[in-house]
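> Encoded as structure tokens, here's the structure I'll be asking about.
The values are calculated or read from the model by the stated rules, or taken from the named source; none is laboratory data. Predicted model, so just to flag it, every value in this text is computed and none were measured. Here Cβ is always computed from backbone atoms with ideal geometry, including for glycine, and neighbour counts include all displayed protein chains.
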Amino acid sequence: MLDNLTQRLSGVIKTLRGQARLTEDNIQDALREVRLALIEADVALPVVKEFAAQVKQAALGQEVIGNLNPGQALIGVVQRELTRLMGEHNDALNLATVPPAVIPMNAAAAPPGLLLPRTPP
């Protein structure tokens with residue numbers, strides 16, 4: 001999941017290179033890649049839609065600061081929103097629960113409801 005997202009975000013940076021600011025059009029094009037990466041990672045569609053709307057709202061009209069290009073500025077917005085979505089702090093594991101204790105063991109350590117369960121083939 002993270003490799004696919006990284007590849008797509010790298011493509012976003014390349015497509016936005018040379019533009020002076022983030023506009024609704026270039027944000028929409030870039031968010032398409034982000035949405036596809038999240039959907040391919042089996043993130044629930046309502047979560048993807050809400051996430052894309054939050055990123056778009058945060059990124060619209062944002063000035064590109066210093067040596068950043070618009071792609072890098074958008075990646076910063078995506079990173080902040082992913083951090084907000086996944087949780088800004090770590091919770092301790094509660095191993096004193098009624099067995100079995102469920103411990104997320106994926107790279108994302110997603111909160112309940114974020115990922116869709118896979119159906120067996």
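> What's the total number of residues in the stretch 80-103 that are under 30 Å from Gln57 (Cβ atoms) and surrounded by 10 or more Cβ atoms within 10 Å (Cβ to Cβ)?
Looking only at that region, the number is 8.
> In the stretch 67-121, how many are small (Gly, Ala, Ser), within 30 Å of Thr15 (Cα to Cα), at pLDDT 70 or above and in a loop (DSSP other than H, G, I, E, B)?
So the count comes out to 1.
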